[in-house]
Structures are given as C-alpha cells and as structure tokens.
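One structure is given here, and the rest of the page talks about it.
The values are calculated or read from the model by the stated rules, or taken from the named source; none is laboratory data. All values derive from a computational prediction rather than experimental measurement. Cβ placement follows ideal geometry from the backbone for every residue including glycine, while neighbour counts extend to all protein chains displayed.
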4 protein chains.
Amino acid sequence: MTAAAESSSDAGRDRDRIVNLSDGIFAIAITLLVLDIRVPTIPENLVASELPGELLSLWPRYLGYFLSFVSISVFWMIHHAIFRPIRAYDRTLLYLNFLFLMVVAFVPFPTALLGEYGNHQLPVAIYAATLATGRLLLTAIHSYSTRNGRLLAELQDPTMVRFFLIRGLTISAMFLISIGISFLSVRAAIWTWFIMIAIDAIVARRRLPH
Amino acid sequence: MTAAAESSSDAGRDRDRIVNLSDGIFAIAITLLVLDIRVPTIPENLVASELPGELLSLWPRYLGYFLSFVSISVFWMIHHAIFRPIRAYDRTLLYLNFLFLMVVAFVPFPTALLGEYGNHQLPVAIYAATLATGRLLLTAIHSYSTRNGRLLAELQDPTMVRFFLIRGLTISAMFLISIGISFLSVRAAIWTWFIMIAIDAIVARRRLPH
Amino acid sequence: MTAAAESSSDAGRDRDRIVNLSDGIFAIAITLLVLDIRVPTIPENLVASELPGELLSLWPRYLGYFLSFVSISVFWMIHHAIFRPIRAYDRTLLYLNFLFLMVVAFVPFPTALLGEYGNHQLPVAIYAATLATGRLLLTAIHSYSTRNGRLLAELQDPTMVRFFLIRGLTISAMFLISIGISFLSVRAAIWTWFIMIAIDAIVARRRLPH
Amino acid sequence: MTAAAESSSDAGRDRDRIVNLSDGIFAIAITLLVLDIRVPTIPENLVASELPGELLSLWPRYLGYFLSFVSISVFWMIHHAIFRPIRAYDRTLLYLNFLFLMVVAFVPFPTALLGEYGNHQLPVAIYAATLATGRLLLTAIHSYSTRNGRLLAELQDPTMVRFFLIRGLTISAMFLISIGISFLSVRAAIWTWFIMIAIDAIVARRRLPH
C-alpha cells in the first residue's frame, strides 16, 4: 500500500504475520482434538470394575487423536518447508492459504466422526477426502509459489520442486484410492493411511537434507 | 512510560504485541467454529442407513462454518492491511481494536444460531448485524489511524484511504440492508452476503496492487 | 545456561517467549468466553414465537461476556505496560507470571457461574475475588520487576511506579469491598465493577502519556 | 532447501517457528483445562442453599486444574531452557518435539479423568504415566540436542547437561513409582506429585543461576 510496505523487510514481516496466523490455527486445531476423547460416565459403585473396560473401548478415539495429530503435524512440516523460502505474497497465495487453513481447522470434525463411527465406510471416506483435499491445497500453494519467482527469496532447485509436486500428488491420490478401498474393507483403508504416513516420512528423510 | 519505550524500535515491538494478540483471537475464533458441527448420535444398527442423511441435514452448519470462516478471514485481511503501516498506537486505537476483537470473538455465537435456526429471520438479522458491526469498527480503526499521522510510518495515499472508507461503509450498509431483506426472504438475505463477499473480493483485487 | 544466553539480545528473546505464551493464554481465555453463550433449544414450530424471548433471557451471559472480555483486556493492557520495560527475567518473575496466568485462564469459570446464577451472592463474590486476585498478582509482578532494576532496560520513574502500585491496590481493594456490598445487594456489587472499570480507564488516560 | 535457508539467521527463524507452534499448543492445552470445571445445574429455588456445597464438591476439579496447570508450566519452563541454546534443528528433533507436544495436548484428558474419578487407582496411574512420558520425551529432546553440537549455538557445560539428564530421569522414575504407590493408596500417590514438584523447583533454583 505504501512504498515502505513494498520494501523487503516489511514484506518479510507481512509474511511472518500470515505464518503466525497459520501456526495459531494449526496449534488450536491440533489441541482441540483432545476434546473429543470424553470421560465415560459410570455410577460411583461400578467405577472400579467398569472404568478399565470403558477406557479401552475408547480406542477408536485414541487412534483418531493420534492419526489427526500426526496428519496435522505433517501438514505443518510441509507448510513450514513451503513458506521458508517465501518472502512476499499476493492475493492468490493468501486465498490458497486460507482455503488450506479452512481444511486444517475442519479436521476435528471428520476425526470425531471417525472416533464415533470408525467401523463404517462413510466416515472413513470423509476422513480420507479431507486429508486428500488438504494435501492437494498444500501442493497447490507450493506449486504457485515456486512458479512465481518474485514471491521467493531465491529460485528453488527444479528437481526438488518436481519431487515435492509428485510427492504431494501421489499422497493425495493414495488418500483418494483409500476411499475406494474403504468400500471393500474399512480396516484396510485405515491401514493404508498408516503405511502412507510411514512411507512419506521415510521418503522425505532420504530426499531432503534435513 | 520510559524514554526508551518512546523510541521507534520499541514502538514497533509494542505494535507487534497488539497484532499478535489480535491474531491469536482471530485464529481461535476461526478454529472454534468447527466445534459447532457436532457428530450426530445414531444407534449402531442404523448407522449405515441413517448416517448419510444425518450428515447431509447438517448443511446449515457447514454453510455457517464456511461463511464465518470467510468472514473472519476477510476481517483478518483488512486488519492486516490497516495495521501494516501503523508503527505506534495510542489508547483510542487500543480500545477500538479491543471492541473490534470483542465482535470477532463473538462470531461463533451468531454462527451457531444460524446453524441451528438458519431458516428463521431473527438469527439471520443477528448474524448480519454482527458482521456489520465488525466491519464498521474496522473502518473506524482505519479512519482513526490515518487521521492521526503520528501513528503511521508514513502518510497514506488519500485516494486509497477514501476508497477504503467508502468500501467499509458500503459493505456495512449492505449488511444492514440484508437485515431488511431478511424480513421478506431469509434465503435472499443469505444470498446477499455471498454476492457481497464476492464483489468485495473482486473490487479489492482490482483496486489494490496485490 | 550458556554465556550467550546471558547476552542482552538473547535475554530480549527470552522475555519475548514469556510474553508470547502469556498472550496466547490471554487470547484463548478471552475467546473461550463465547462458548458459554449457548444456543437455546426450541422445538421447530415454536422458534418464531419463542426465540426472541429466549435470546433476551440470555442477557446475564452477554453481560458476563462483556464484563470478562473487558476485564481480561484490562489485564492484558496492564501486563503489556508492565512487561514493556522488562528486558530480563528470573525465576520469581516467571512464577509470579504463571500464577497470574492461572487466574486469567480460570476467568471463564467464574464468568459461567455468573452467567448462570448472577442473581445470587456467591457467584458475584467468587467473580470479584477472582478479579481482585488477578489484579493483586499483576501489581506484585510490577512491584517485583521495578524493585529489581537488573530486570529492566532502564530505571522507572518512581512517581509512576508508586501511582501504578496505589492504583493496583485500590482496584483490588474495591473488588474486595464489592464482595461486602454483594451481601447487601447483588446488583449494586455488579454496578460497582462497571463504575470501577470506567474510573480506572479515565484515571489511566489522565496519568499515562498514551 | 535453499542455500539461504542454510544460513544462520534463517535457521534461527526456523527454530522460532517451531518454538511458536509449541507455545501455541502449551497455551491452548493449559487454557482448555478450565473447560473441565463445569457449572453445577441446580433448580433456581435451591441455588442459595445448595450452590456452596456443590461448588465445594468440585474440589477434585480445582485440584486437577491446579496440578495440570503447574505441570504444563513446568514442561514449558524446561522446554524453554532446552530450546534456548538451540539454533538449528533436524528431522529427529522435530519428530521428538511433536511426540512431546502430543503428550502436552493430551494432558486435559487424564486431568478430566482425575477430576471425575480421582479417588480411584486407574485415573491416578494414567495421570502419572502421562506426566512421566512427557518428562521422558523432554529429557530425550535435551539429550539429543546436546549430543548434536551442530544444533546448538555453543557447546553446553557437560556438568549442567548431566545434571539435567539425571533430574529428568529421576522425576520420570518418581512418577512411575507413584503408580506403584497408587495401588497402595491413591491419596499418597497424589501427595507424591506435590512433593516432587516442590523438590524439583527447589533443586532447580539451587542449581540453575536464574
């Protein structure tokens, strides 16, 4: 808006405010997940005998907590890697980032759905679709920022950019494939996610210097 | 309070703390919205048949989530643009900002009301009044900061300031007009908001350099 | 811990992390207040006729929201003024600050109590006691930091320090007096708070340069 | 990823973003604790006579709030001390930190469990196990960062590092011992925690310069 706002130190500060807001939303979405694990209500005289069983029966919720915590953490790590070289932003980047944050802040709902009805197909499909959408939007943010060199502190290594793009699209595709799998077996679909997260972490570790 | 606190680097840091608190409130208000989309309670043997219908019937809540997420995002973007050239602050600016944040943090309530009774006139009117108040307060913050040059890093372009003022007052007025429309048709009033948000985004993109 | 950590730029960064954590807690406590204003449950066919009355009957909750939002905002403004000249910290300051934050994060509970049973003496007394404790702890933080010159960037004006101390103790005392008043009249006690907040704001504006 | 990202100022900024996300999660987990203290529901005509007793009977929840607030504060203070000399990070540090944050964000659940069934053995054991895990992960983060000198701004004093390690392992072991105690006496186990927190604070104050 002003000449000063165009200068590089201000642009850096602007970028910082977007990153701060994003981190706030990441932190809250990840912490709200625990609200979904609710303390069972048991009459006082039955607590000793029934509490262990009741707490064990909450396992789909612990699983949902773990899975969504890991998923949002992975989103954060990728978001972090994408925004690191970014020094300026434009409206498109801002809109894409807000769309992505809308998905991140939404994650507690499909997680709660999975925790309640995790043995049914629809919640599994909704969960997979949410994560696929989040990953696609992240890939779009990365793709947009690297194609607009003026947003970056310096040009990115094209091999890394392509690797990042393929990785993002592959993971998104596998989440969509897991929806197909969920029609055959709900358990198999959920296992696909864990395998994917593990492979993703191993691949990233091999290819990225840190 | 001290001489050092008057110096420019400290003033910048002070401004940063206000911006950080504001961003925290933005991030939390926007993330709490999802708590309003509650998982339906269905007996286990009916889940497969009833869950799809139950999830579809939650559409006013998804709509509320989307609408309020976009509205708070737009508030944030304008707040961001207003505070960018601000380098110092005084008590009036602080009070105006807190009043504005009181509206932002309140948004989840009218959103929940809209999600529950969105087909009735009163919730629609309350929602519109909340957003109009928020926008008016933002416009007041902008107007106050630009009229007090000492709060700014440099003087603002008067054409831009006037455009910003007119835009803020127009949007607020249109939210108030949508309250009138809600007496005739609740659906038409809600549609007005979407049209307004779209026009606002297009106008902003045309007039603002980024 | 290391020599570098003793240097002034690191000390400044340390102080920033304490301030950031505090601001996070302020932002969340202030935003959680809205969760206490719950959407009334009304059968669909009675919404049009009963919703206005039901929403009006929530006035103690709107009042609680307003009162606690203002109170936490005032806490934040004073916290902000106290920490501005602070450049280093020690364990005592850290402990005092955590004790104070424990009160800030607790505010939503007495607020909910006031919203539910605001016409009774006990909730009014608990609310006043909470705010008095918060204010006393803030005054203790200020008093401690100004008496330990090594924590400050520069010495504070002793007149201002004394004014701040007297102001803090007076407000705390008045909150405690309002507990006495609550035994006579609950309404009068609540009015005392509003008068106090207004006087506090006016006095602060007169005495403080900004 | 880029050469610039390898430079020391960028590494510092990266570290800051991790610290900011961690602080966000600390702040939210600590503030969500209050949501577990719920306003009792009493018919209007019985409020005056029953509210005092009902509020007193909530004491396990106040205790849980206090205990978890202090525990998360202690976690934060140690996290703060560990990350202060850290200037860079790698994937292992990032993963360890996320695992630790997963425990921090989980604390509200065992706290709620303790608040509801604090006179039973299982909730006491789960609470102790959660805090022991958190403390072990913190110790692992410290141990890892000090053994990888390249992550630090400068080498740490080996005596301090060893003291920190022993302290972390001792506290974790004592939490695990308190699980054993809980089979004999639930009250004694809870008392162990308070004694431990007090000893930990006194030892830290003696050994650490600030």
Failed item, numbered, when C:ARG187 is tested on (1) under 16 Å from C:SER68 (Cα atoms); (2) charged (D, E, K, R); (3) modelled with pLDDT of 90 or more: (1)
Residue match in segment A:110-129 (condition: aromatic (Phe, Trp, Tyr) and surrounded by fewer than 19 Cβ atoms within 10 Å (Cβ to Cβ)): no
Residue within segment A:128-138 that is in contact with a strand residue (DSSP E or B) (Cβ under 9 Å, 6 or more places away or on another chain), within 14 Å of chain B (Cβ to nearest Cβ) and part of a helix (DSSP H, G or I) present: no
Complete set of residues in segment A:178-192 that are assigned to a helix (DSSP H, G or I) and farther than 20 Å from A:ILE78 by Cβ: A:ILE179, A:GLY180, A:ILE181, A:SER182, A:PHE183, A:LEU184, A:VAL186, A:ARG187, A:ALA188, A:ALA189, A:ILE190, A:TRP191
Residue in segment D:157-171 that is of a type in the set (Gly, Ala, Ser) and either modelled with pLDDT of 95 or more or more than 27 Å from D:LEU93 (Cβ to Cβ) (or both) present: no
Where D:ILE42 falls short, out of the listed (1) under 30 Å from D:GLN156 (Cα atoms); (2) outside any helix (DSSP H, G or I); (3) within 12 Å of chain C (Cβ to nearest Cβ): (1)
Of all residues in segment A:20-53 being surrounded by 16 or more Cβ atoms within 10 Å (Cβ to Cβ) and acidic (Asp, Glu), the one that is nearest to A:GLY115 (Cα to Cα): A:ASP36
Given (1) within 11 Å of chain C (Cβ to nearest Cβ); (2) modelled with pLDDT of 90 or more; (3) in a helix (DSSP H, G or I); (4) under 27 Å from the mean Cα position of the chain (by Cα), number of the condition D:SER49 does not satisfy: (4)
Condition check for B:ILE18: over 22 Å from A:THR92 (Cβ atoms) and in contact with a Leu (Cβ under 9 Å, 6 or more places away or on another chain): yes
Selection within segment D:107-126 - under 19 Å from A:LEU35 (Cβ atoms) and free of Cβ contacts under 8 Å to residues at least 60 places away in the same chain: D:PHE109, D:PRO110, D:LEU113, D:LEU114, D:GLU116, D:TYR117, D:PRO123, D:ILE126
Evaluation of D:ILE177 against (1) farther than 29 Å from D:ILE18 by Cβ; (2) in contact (Cβ under 8 Å) with a residue 12 or more places away in the chain; (3) surrounded by 17 or more Cβ atoms within 10 Å (Cβ to Cβ); (4) away from chain A (no Cβ under 14 Å) (one fails), failing number: (3)
Residue match in segment D:143-151 (condition: outside any helix (DSSP H, G or I), within 14 Å of another protein chain (Cβ to nearest Cβ) and surrounded by 13 or more Cβ atoms within 10 Å (Cβ to Cβ)): yes
Close pairs (9 angstrom Cβ cut-off, 6 or more residues apart or separate chains): small (Gly, Ala, Ser) in segment B:52-73, part of a helix (DSSP H, G or I) and surrounded by fewer than 18 Cβ atoms within 10 Å (Cβ to Cβ) anywhere: B:SER71/B:ILE197; B:SER73/A:LEU94; B:SER73/A:TYR95
Flag for C:ARG84 being over 23 Å from C:ASP200 (Cα atoms) and of a type in the set (Lys, Arg): no
Within segment D:152-162, considering residues that are assigned to a helix (DSSP H, G or I) and either within 15 Å of the chain's Cα centre (by Cα) or within 11 Å of chain C (Cβ to nearest Cβ) (or both), the one farthest from D:ARG87 (Cα to Cα): D:MET160
Given (1) within 10 Å of chain C (Cβ to nearest Cβ); (2) under 25 Å from C:SER22 (Cβ atoms), number of the condition D:LEU55 does not satisfy: (2)
Some residue of segment C:90-98 being touching a strand residue (DSSP E or B) at 6+ places or on another chain (Cβ under 9 Å) and modelled with pLDDT under 90: no
Index of the failed condition, C:LEU155 passing every other in (1) buried (at least 20 other Cβ atoms within 10 Å of the Cβ); (2) without any contact (Cβ under 8 Å) to a residue 12 or more places away in the chain: (1)
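One line per residue, one yes/no per condition, for (1) within 14 Å of chain C (Cβ to nearest Cβ); (2) of a type in the set (Ser, Thr, Tyr); (3) not in a helix (DSSP H, G or I):
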residue	(1), (2), (3)
B:LEU63	no, no, no
B:VAL70	no, no, no
B:HIS80	no, no, no
B:TYR89	yes, yes, yes
B:LEU93	yes, no, no
B:LEU96	yes, no, no
B:ALA105	yes, no, no
B:GLY115	yes, no, no
